[in-house]
1. Specify the residue that is surrounded by the fewest Cβ atoms within 10 Å (Cβ to Cβ); the eligible residues are those in the range 95-119 that are touching a helix residue (DSSP H, G or I) at 6+ places or on another chain (Cβ under 9 Å) and assigned to a strand (DSSP E or B).
2. Would you list the strands (runs of 3 or more DSSP E) that sit entirely within the range 16-94 and hold 1 or more residues that are modelled with pLDDT under 95 and touching a helix residue (DSSP H, G or I) at 6+ places or on another chain (Cβ under 9 Å)?
3. Only one of these conditions is not met by residue 178: (1) in contact with a strand residue (DSSP E or B) (Cβ under 6 Å, 6 or more places away or on another chain); (2) modelled with pLDDT of 95 or more. Which number is it?
4. Only one of these conditions is not met by residue 153: (1) in contact with a helix residue (DSSP H, G or I) (Cβ under 6 Å, 6 or more places away or on another chain); (2) farther than 20 Å from residue 174 by Cα; (3) outside any loop (DSSP other than H, G, I, E, B). Which number is it?
5. Considering only the range 102-117, how many residues are more than 26 Å from residue 62 (Cβ to Cβ), over 14 Å from the mean Cα position of the chain (by Cα) and at pLDDT 95 or above?
């Protein structure tokens, strides 16, 4: 029941991005985020929704994967900073529920990638990663986009080189202007709210 509630809440947050004309919005969950001063890498993150692909909303427990790597860090892994442009960003579908099979988007970060520490009211921490993208769509055209990823709450400790992604949103514009990372940052605020809800639900479930 808790998992269903979490999934539905994350999914609702993803829906507003269908408002971008000619865009496709992808929601991912889980996966291991590893990092050092050389950069961050996400692996094993599951694609759970795609809105606008083929004109509709596709949902499922496993529709494919999202993975990425960034450039080198300026700043601190613990308190925030920016990662250099470059790296890789890949969205892959597995052919289920109407998803394409194979690479849907293959690209890289176009500018500095923002790594932000968010300290919650109870003194615990989340981190958000926000950046603009450019690359190749599965039909061969060049497209732009942006992504925001929220980590699992790290407690009162700081990021120590590895954590789990709570959820993320990536908007790829196939015909429209690229959304600013600040716009997707609004989703990051929503995802942080989800993190609080999830934490409370898990706490009450244990009690």
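1. Step one: filter the range 95-119 for residues touching a helix residue (DSSP H, G or I) at 6+ places or on another chain (Cβ under 9 Å), giving 111, 113-114, 116, 118.
With the extra rule that they be assigned to a strand (DSSP E or B), the set shrinks to 113-114, 116, 118.
On the way: 113: 28, 114: 19, 116: 16, 118: 18.
Here the residue is 116.
2. It comes to 23-29, 39-53, 56-69.
3. Of (1) in contact with a strand residue (DSSP E or B) (Cβ under 6 Å, 6 or more places away or on another chain); (2) modelled with pLDDT of 95 or more, only one is false for residue 178: (2).
4. That leaves (3) as the condition not met.
5. 2
The values are calculated or read from the model by the stated rules, or taken from the named source; none is laboratory data. Treat the numbers as computed from the prediction; the structure is a model and nothing was measured. Counting neighbours? That spans all protein chains shown, and the Cβs are built from the backbone with ideal geometry, glycine included.
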